[in-house]
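Working notes, structure below.
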2 protein chains.
Amino acid sequence: MAAARIARYTARLLRNFGICRRLFGGLLLLSALLFSIDPVCGQAPTSDPLASWNDGPAKKAIVEFVRATTNQAGPKYVPPAERIATFDQDGTLWVEHPMYTQVMYCLDRVPAVVEKKPELKNVEPFKTVLSGDREAIAKLSLKDLEVVLFATLSGMSVEEFRVDVRRWLATAKHPRYKRPYTELTYLPMQELLRYLRGSGYKTYIVTGGGQDFVRVYAEQVYGIPPEQVVGSAGATKYGYDKEGKPTLTKEPKLLLNDNDAGKPEGIHLMIGRRPRAAFGNTAGDRQMLEYTGAGDGARLMMLVLHDDAKPEYAYGPAEGLPEAKVGAFSQALYDEAKQRGWTVIRMKDDWGRVFAFEN
Amino acid sequence: MAAARIARYTARLLRNFGICRRLFGGLLLLSALLFSIDPVCGQAPTSDPLASWNDGPAKKAIVEFVRATTNQAGPKYVPPAERIATFDQDGTLWVEHPMYTQVMYCLDRVPAVVEKKPELKNVEPFKTVLSGDREAIAKLSLKDLEVVLFATLSGMSVEEFRVDVRRWLATAKHPRYKRPYTELTYLPMQELLRYLRGSGYKTYIVTGGGQDFVRVYAEQVYGIPPEQVVGSAGATKYGYDKEGKPTLTKEPKLLLNDNDAGKPEGIHLMIGRRPRAAFGNTAGDRQMLEYTGAGDGARLMMLVLHDDAKPEYAYGPAEGLPEAKVGAFSQALYDEAKQRGWTVIRMKDDWGRVFAFEN
């Protein structure tokens, strides 16, 4: 078997480079032969692709799912084209406390917006944001923040926006960790992304966050290209700038609210296939997991429970954990997970290491 | 150079299969060495990937663009991740006359819709469609057809729709060619899709037609997976069927009108990158080509002109060709193409063969 696979792959290699087979044939045969009889060859790689995961039900569920769906001879095999895995971002792939990273960006952008529109200076919630009073800002409602989001995420071209987000990400630091936000991704989830991709899965981000925002860094940070980022999306308007150059301007109009029912709707719109695996951490991911689980064959649904305040944060309110302003994991969601056979990833038990920068 | 590339690729091969390098090293070195000195190796494949294209400016433009953007040492090199090519469908990849295929599907679906909603029986335009009077149906306005489209493309689950489209495609035949619509793709464009993919380009359909409709057959017909089909898209609504199973229902609400300015807007929404190459055939593709051409570096913009009535259809009104109900190629578009350096593909001159079924 192994010798035949080597021969097949080497043949493809030869075609790719137009190497004359005549010459290579003898070497190929010889090497395949040597491979098939040498007992030290063909060992499984010793490094664990999920090294930051502790042995336990979560890691086991992942490994078993991948093995079953990639085993061509097994009953649960999934053809490569159908291997779609979707990941929520905030609280699933990276830190979402004390506040979503994109909201931090929008708050930081308020002075620039007010400079262009001075009439907003004395209007709430802009006035509070400009005051710099951290306590007052922390008390802003999600409705207030939405107003800030619309004002700060529209009115510029998509290129200008990209440049501005890049600039911000290069300088902004998380208040607790004093590191760029892009370093605050969970190492076990990064391993999981790579492990799934290495097993032929196409990994997608499906986030309530802004699609244009996440696309700026997703390729560099997660290895996920822009076209595999599905998020809440505002409309853009095609037009021409002063020099007559075609341009797309970001409009203050929501086209896709990629939360709750919006997640499966967004998945259908942008991907057009039902995922085989879905990962989230809050009630906003419930419908994505339900939709994923309603398909035939092997499916994997997982929810991250933040129960480790030391390296990260602890919040629920499931399992008696403290309530949180963002990213709530309710007891009802916990019960549904149990009832439907979704796996809860407990940070404390299931992850040996949370961040790459930890020693 | 070549030896180093072979060595790099073989090293990756070795990692993939966990073969011990120690053993393979000698063979690898030897073969790389032999390759680098043997003059008969490294010949380009003799078969022309664009065999149905006649030699001329269109074929030349394609080949030069691909060579320039894939030549790592050249000034116009484009990294693989940015190799995005977008194709209109109707009239660019397959026949759109005498009427768009999807409209034919919708007309055929009217009896099923009226059976569910008998009150539509005596209401226009349904009454005319039900009459079966071909002449009267051909006279329906695009506004009338829109009413039929909304009525026939909503109210069912996305899975039910998929099954129905598949059933229709398996039986429906084009009135002139008496063949399934899916056989009426242009062979030169199929070659172009494969040639671009073989050169590391990701090929997308960006169609004014329905995204859900085209996704049913795009993978089988064009080798383009559902997630690479951008089209006009209706909203879906997440809910639960009678058995409590999660389901997405097609709504009579347009989310994305993927024509004209909607094409670059749809490309930004669904792909998030500016294409490097764009192909169309009508004024509805103008903005997509403009947007593509407004980017830096090498870009390829092409428009198909239908000027060959014998194997296909001849319509303009550009260049004195007869006016058409669908897929008009105006003189203004022709002039813009000339002015902006877009290449016009003239079916008669540039294509040696239009369909795969021709002898």
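Every number here is computed from the coordinates shown, using simple stated rules; none is lab data. Only a predicted model underlies this, so the values are computations on that prediction, with no experimental measurement involved. Because the Cβ atoms are built from the backbone with ideal geometry, glycine has one as well, and the counts that use them run over all protein chains shown.
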Rounded, prolate or oblate: which one fits region B:177-263, using the alpha carbon gyration tensor with axes a ≥ b ≥ c (rounded when a/c is under 1.5, else prolate when a/b beats b/c, else oblate)? prolate
Put a dot 7 Å past each Cα toward the Cβ at B:LYS117 and A:ASP260; how far apart are the dots in nm? 2.7 nm
Cα-Cα longer than 19 Å, checked against A:LYS143/A:LYS325; A:LYS173/A:LYS263; A:LYS139/A:LYS325; B:LYS117/B:LYS242; B:LYS143/B:LYS253; B:LYS178/B:LYS310, kept in input order, equals A:LYS173/A:LYS263; B:LYS117/B:LYS242
Within region B:259-353, report the trypsin sites (Lys or Arg not before Pro) that DSSP leaves as loop and that have at most 11 other Cβ atoms within 10 Å. none
Taking a label point 7 Å out from Cα toward Cβ, give me the nm distances from A:SER131 to the same spot in the other copies, shortest first, one decimal. 7.1
Rg/Rg_ref, region B:105-172, where Rg_ref = 2.2 N^0.38 Å and atoms are Cα: 1.10
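Can you tell me the order of A:125-136, B:180-191 when each peptide is scored by its average per-residue count of other Cβ atoms within 10 angstrom, highest first?
Output ranking for A:125-136, B:180-191: B:180-191, A:125-136.
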Once the label point is set 7 Å along the Cα-to-beta-carbon vector, what list of distances in nm do you get between B:GLY352 and its counterparts in the other copies? 6.1
Could you give the length gained on full extension between A:LYS253 and A:ASP133, defined as 0.36 nm per residue of separation minus the Cα-Cα distance, in nm? 40.3 nm
Against the longest principal axis of chain B, how steep is helix B:158-171, in degrees 0 to 90 to the nearest 10, with axes from Cα atoms? 90 degrees
Looking at chain A as a GNM with Cα springs under 10 Å, which of A:LEU153, A:LEU300, A:LEU140 has the largest mean-square fluctuation? A:LEU140
Going by C-beta contacts inside 10 Å, put B:MET156, A:MET301 in order with the fewest on the left. B:MET156, A:MET301
Dividing the alpha-carbon radius of gyration of region A:92-219 by 2.2 N^0.38 Å, where N counts its residues, gives 1.17
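With the Cα gyration tensor of region B:206-250 in hand, convert its eigenvalues to equivalent ellipsoid semi-axes via √(5λ) and list them largest first in whole Å.
Details: eigenvalues 127, 32, 9 Å².
Equivalent-ellipsoid dimensions as semi-axes: 25, 13, 7 Å.
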For peptide B:260-270, compute the average count of partner chain beta-carbon atoms within 10 Å of each residue's beta-carbon. 5
Average the reciprocal distances over every distinct pair of alpha-carbons in region B:38-129, invert the result, and give the Kirkwood radius in Å. 18.7 Å
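Based on DSSP, what percent of beta bridges with both residues in the protein assembly as shown are antiparallel, to the nearest 5?
So the antiparallel bridges in the protein assembly as shown amount to around 35 percent.
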Between the residues B:HIS97, B:GLY200, B:PRO180, the Cα farthest towards the positive end of the dipole of chain B, that dipole coming from +1 and -1 charges on the beta-carbon of Lys, Arg, Asp and Glu, is from B:GLY200
For region B:254-328, what is the Kirkwood estimate of the hydrodynamic radius, computed as the reciprocal of the mean inverse distance between distinct Cα atoms, to one decimal in Å? 13.6 Å
Compute the long axis of helix A:101-116 from its Cα atoms, compare it with the longest principal axis of the Cα atoms of chain A, and write down the angle in degrees, 0 to 90, nearest 10. 40 degrees
Distance between the C-alpha centers of region B:175-213 and region A:275-348? Whole Å please. 41 Å
Given an 8 Å cut-off on Cα distances and at least 6 residues of separation, report the relative contact order of chain A as a percent. 19 percent
Kindly state, as a whole number, the per residue volume in cubic angstrom of the convex hull around the alpha carbon atoms of region A:218-359. 168 Å³
Pull up the DSSP beta bridges for chain A and report the antiparallel fraction as a percent, rounded to 5. 35 percent
By how many degrees, between 0 and 90 and to the nearest 10, does the Cα long axis of helix B:57-70 differ from the longest principal axis of chain B? 50 degrees
Coordinate range along principal axes, alpha carbons of chain A, Å, largest first: 80, 59, 41
Rg ratio (alpha-carbon, reference 2.2 N^0.38 Å) - the protein assembly as shown: 1.04
So the label point sits 7 Å from Cα along the Cα-to-Cβ vector; using that for B:GLU336, what distances do you get to the other copies, in nanometres, sorted shortest first? 4.7
Using DSSP to call loops (not H, G, I, E or B), can you name the GluC sites (Glu not before Pro) in region B:252-359 whose Cβ has at most 14 other Cβ atoms within 10 angstrom? B:GLU323, B:GLU358
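Which FRET efficiency value, to the nearest 0.05, is calculated for B:ASN54 and B:ASP108 with the Förster distance at 41 angstrom and r the Cβ-Cβ distance?
It comes out at approximately 0.65.
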